[in-house]
Amino acid sequence: MRVDSRTLPLVPLLLGPVGALQLPLLGGSSSASQAPIAADKPLISSPLLQEQVKAENLMQRARQLYKIAELGEGEYNHPTRVIGSKGHLGTLDYIYSTLTNLGDYYTVSNQSFPAVTGNVFESRLVLGHTVPESATAMSLTPPTKHKEPVYGQLVAVANLGCDASDYPSDLDGAIAFISRGQCPFGTKSELAGKAGAVAAVIYNNEKGDMSGTLGTPSPDHVATFGLSDTDAAPFLEQLHKGEKVDGIAYVDAIVESISTTNIIAQTTGGDPDNCVMLGGHSDSVGEGPGINDDGSGSLTLLELATLLTEFRVNNCVRFAWWAAEEEGLLGSDYYVSVLTAAENKKIRLFMDYDMLASPNFAYQVYNATNALNPVGSEELRDLYVEFYEAHDLNYTFIPFDGRSDYDAFIRNGIPGGGIATGAEGVKTVTEQGMFGGVAGEWYDPCYHQLCDTVANLNLTAWEWNTKLVAHSIATYAKSFDGFPKRVEETSISSFAEEPKYHGPFLRQ
Ligand code: DTR
Ligand code: ZN
Ligand code: ZN
């Protein structure tokens, strides 16, 4: 096994007293010198690589990953691979040991970075005599004081609660009632805390339920709930009429700062100045084992990294298993943030693979365009389209909206794209005709839930998508001919306004 000069061989997984994975910790990105190309290996070929993809091998890895998720039961009372848990540490060890058992085909490095993890153990909101059904504690919310119920009047905040002047003077000891909109949930929670509120309820100003994340913790954050527009309406009316609404808020939660780890593997063969990069995320949410989200993507990468060792490549291939995607793309953000300009330029494109096997799947392609995203993003999109069309498979376009680990890359001038099979979106009748499954149901009814287990995988979708990932690797590992050169400036993608998402959860 070759390791980056700064990376020590992984010590066996020692789940010490604090469960710390004794991984060597390494900042920065790996850089591999070009090893002599193994002349005995055939040049990478898409059909030959695709031929090696077998559903049973993928399922074997999924079963192994579920066993690893069960390591998290001691602390979470259910299987999970959330960052900081033994389930995630075990995932990292599985990925790292698989890669380092592949001889010197890869330079493998571990990149540690600071992250924040949160867990809501219990929460409850009572407004007047009602327990609003849609009330959901926000991700990364702090607990209520002493983790006990707090009592206060519900007090409406003016406008959208994005300025301190919106918060009335009588908010001290009250529960702030704030409309969604214009600024992040974290900003609203912080301003409410500074104004003396004991908790905050942010209600949707669009149709439907609303849950999100407070993002980077602040000492002024207060226990914060999301609420649907329909559940908020009667209380807005009562407050508008000058009636009093008593509130009780209770959150038992923890927010912790920890160090976690990205794993990067780059072929020692191939031009190191022209890399094709691809990633999935190694972590799950605290609520479940994440076998589809994103076990499917990270295991596809691990299987293809293994199969690729039978070939030689002309351009380097860099695999990434991101940590803390679920906390807001922290791993991929960190990785891109520490790239030098020269390192940035070596990455010709980044391909994101996050949820490839949803049970009620649709074949979804991120609708990247060169008009809005770094040039080359559209060509990558069209590679996916051409593959599905060549195999008479239907597909749909989905918004390239910042919900997964491509975001940092496209914001820093690196062409990006990817495919998915769907999360909490609802399959339409038209899509039922295109893909089968059940209209009116989520694409993944177990998204971010305990039931995201091995049984939650659609094998047909997973195998086809793994063949497509193989095709995407082989195409660019063989040649970038016809693919746009990197343009000079590392332009920021043009979002019309601050995007609502940066990661899985709504930020505002
Ligand atoms: N895989 C989801 C985040 C995600 C990425 N793309 C989409 C599209 C629609 C919904 C969610 C997502 C996760 O990590 O939670
Ligand atoms: Zn995901
Ligand atoms: Zn997720």
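The values are calculated or read from the model by the stated rules, or taken from the named source; none is laboratory data. Note that the coordinates shown come from a computational prediction; the quantities given were computed from them, not determined experimentally. Positions of Cβ are generated from backbone atoms using ideal geometry, with glycine treated the same way; all protein chains shown enter the neighbour counts. When the accessible area is computed, the model is the full protein with side chains, heavy atoms only, and any ligands, DNA or RNA have been set aside. Shrake-Rupley method; radii C 1.70, N 1.55, O 1.52, S 1.80 Å.
Here are a few things to note about the model shown:
- Qualifying residue in the stretch 483-497 (condition: open to solvent by less than 20 Å² (accessible area, probe 1.4 Å), at pLDDT 95 or above and not hydroxyl-bearing (S, T, Y)): yes
- Of all residues in the stretch 284-293, none satisfies being closer than 18 Å to S472 by Cβ, within 13 Å of the chain's Cα centre (by Cα) and within 12 Å of ligand 1 (Cβ to nearest atom).
- Of all residues in the stretch 319-337, those that are out of contact with any helix residue (DSSP H, G or I) (no Cβ under 9 Å at 6 or more places or on another chain), of a type outside the set (G, A, S) and away from ligand 1 (no atom under 11 Å from the Cβ) total 1.
- Output for the stretch 337-354, where each listed residue is open to solvent by 10 Å² or more (accessible area, probe 1.4 Å) and within 30 Å of Y388 (Cβ to Cβ): K346, R348, D354
- All of (1) more than 16 Å from ligand 3 (Cβ to nearest atom); (2) in a loop (DSSP other than H, G, I, E, B); (3) among the small types (G, A, S) hold for G402 with one exception: (1).
- Here the condition is being buried (at least 23 other Cβ atoms within 10 Å of the Cβ), closer than 15 Å to A323 by Cβ and either outside the structural domain of P289 (by TED's automatic domain parsing) or modelled with pLDDT of 95 or more (or both); of I83, I44, it holds for I83 alone.
- Annotation note: Cβ proximity below 6 Å between a residue of the stretch 368-382 that is on the phi < 0 side of the Ramachandran plot and of a type outside the set (F, W, Y) and a residue that is open to solvent by 40 Å² or more (accessible area, probe 1.4 Å) and assigned to a loop (DSSP other than H, G, I, E, B) (sequence gap 6+ or interchain) occurs for L372/S494; V375/V487; E378/N370.
- Taken together, I398, I414, I419 contain a single residue that is in the same structural domain as K467 (by TED's automatic domain parsing), crowded, with 24+ Cβ neighbours inside 10 Å and more than 15 Å from the chain's Cα centre (by Cα), which is I414.
- The residue pairs whose first member lies in the stretch 293-310 and is in the same structural domain as R63 (by TED's automatic domain parsing) and of a type in the set (G, A, S), whose second member is open to solvent by 10 Å² or more (accessible area, probe 1.4 Å) and outside any helix (DSSP H, G or I), and whose beta carbons are closer than 6 Å, counting only pairs six or more residues apart or on different chains, are G297/D354.
- Of the residues making up the stretch 343-367, those that are over 18 Å from the mean Cα position of the chain (by Cα) and closer than 18 Å to F480 by Cβ are E343, N344, K345, K346, I347, R348, L349.
- Flag if G425 is surrounded by 21 or more Cβ atoms within 10 Å (Cβ to Cβ) and assigned by TED's automatic domain parsing to the domain that holds F483: no
- Residues of the stretch 271-283 classified as assigned to a strand (DSSP E or B) and within 16 Å of ligand 1 (Cβ to nearest atom), total: 4
- The requirement of being in contact (Cβ under 8 Å) with a residue 24 or more places away in the chain and of a type outside the set (A, V, I, L, M) is satisfied by G212.
- Assessment of the stretch 368-386 against the conditions (small (G, A, S), modelled with pLDDT of 95 or more and surrounded by fewer than 19 Cβ atoms within 10 Å (Cβ to Cβ)) yields at least one matching residue.
- Pairs linking a residue in the stretch 406-433 that is among the aromatic types (F, W, Y) to a residue that is open to solvent by less than 60 Å² (accessible area, probe 1.4 Å), with Cβ atoms under 7 Å and 6 or more positions apart or on different chains, are Y406/F350; Y406/D352; Y406/G416; Y406/G417; Y406/G418; F409/V336; F409/F350; F409/G416.
- Selection over the stretch 434-459 of residues that are free of Cβ contacts under 8 Å to residues at least 24 places away in the same chain and open to solvent by 60 Å² or more (accessible area, probe 1.4 Å) gives a count of 1.
- Residues satisfying the stated conditions in the stretch 272-329, i.e. of a type in the set (A, V, I, L, M), within 13 Å of ligand 2 (Cβ to nearest atom) and open to solvent by 10 Å² or more (accessible area, probe 1.4 Å): V285
- Selected residue [within 15 Å of G128 (Cα to Cα) and open to solvent by less than 60 Å² (accessible area, probe 1.4 Å)] from F235, F225: F235
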